[in-house]
Each structure stands twice: as C-alpha cells, then as structure tokens.
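Data block below; observations after.
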Amino acid sequence: MTVRLRAHHLLCILTYVGRGYSPAFTENMNVIAGRIAAGESIEIVAGPDDICAPRLDEADMHCFDNGVYNRDLQAARDVSRILHTFVHPGAKLSLDTHSLRRLRVAFAQGQVRSACSNCQWGELCTAIAENDYDGTFV
C-alpha cells in the first residue's frame, strides 16, 4: 500500500510525537506514522489526505482552505530543494534514513519551515527539533 500525504504533512510527520487535534486524529496519525516508519511509500496528493481523513466531517476543518493549499506549495518547494526531487501531486517518495536525516537537519535549521508559518503546532515542533527529535514516531 501507499500512504497518501499532502506536501505539508511531510513536515508534520518529522516531529510527530503522538499529539493531535482529537483522539480520533491522533489514533489515525499513529497508524500513518507507523506505516511510514515501516517503510511504506508515500504519494503526494492535492487536498485532503490519509491524515486528514478523521477530520473531514468536522465543522472547523481547514483542509480545503486556500491557506492550506499555499502551505502545501511552500512545503513542496522546500522539500524538493532538500531532497533534490520534484515534489508534486502524483509524486512517489520513500523516506529512508538518509532522506529523513536531511529533512530533519533542514527543519531544525529552518530551511524547510516556510510552510509552518502561523501553524498552531509550531512551538511544539520547534521544541521537538531542538530535542533531537526524541520520541518521534517516524
């Protein structure tokens, strides 16, 4: 199988430590992160992905907002530059040890965080990166 991710969620999984919007979201994210950690491939999608699934019926769901689409574009650009591959809807990626290390170094140095501007999880992600990604699922 393949995990379907929107581009900015490539950044989110770097610092995921088991916290989320709701218990259902967190449970789903645990499964997704486990699949990626086990080596499952990733397909980049436009719009809601496997991580968004538990929130699609919520009133405050932001998956369709223009700001989130812009976040995806920024993340795709940044990740493309670091991984030297074109990240776009339909692209297939595999996050091996080497690519994860490159992304995490770039994330900690702020090189792939343009998509993270105004994200409510920003402080948590910064703290996780500063703590050498201790406790992350992927």
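Find which of VAL112, GLY18, ASN28 sits farthest along the positive direction of the dipole of the range 2-130, computed with +1 on the beta-carbon of Lys and Arg, -1 on that of Asp and Glu, about the Cα centre. Farthest along the dipole direction, towards plus: VAL112. Averaging 1/r over each pair of different alpha-carbon atoms in the range 2-130 and inverting the result gives 14.7 Å, the Kirkwood hydrodynamic radius.
With a Förster radius of 25 Å, plug the Cβ-Cβ distance of SER41 and VAL17 into 1/(1 + (r/R0)^6) and report the FRET value to the nearest 0.05.
Working: r = 23 Å, r/R0 = 0.92.
Efficiency computed from Cβ-Cβ geometry: 0.60.
Per residue, the chain reaches -13500 deg cm²/dmol at 222 nm when only DSSP H runs of four or more residues are counted, each adding -39500 (n - 2.57). Report the label-to-label distance for THR97 and ASP132 in nanometres (one decimal), using points 7 Å from each Cα along the Cα→Cβ vector. Here the modelled spin labels are 1.6 nm apart. Here the chain is treated with +1 on each Lys and Arg Cβ and -1 on each Asp and Glu Cβ, and its dipole about the Cα centre works out to around 480 debye.
None of the figures in this text is laboratory data; all of them are computed from the coordinates on show. Computed from a prediction, not measured in an experiment: that's the story for all the values here. Ideal geometry is used to build each Cβ from the backbone, glycine not excepted, and the neighbour counts take in all protein chains shown.
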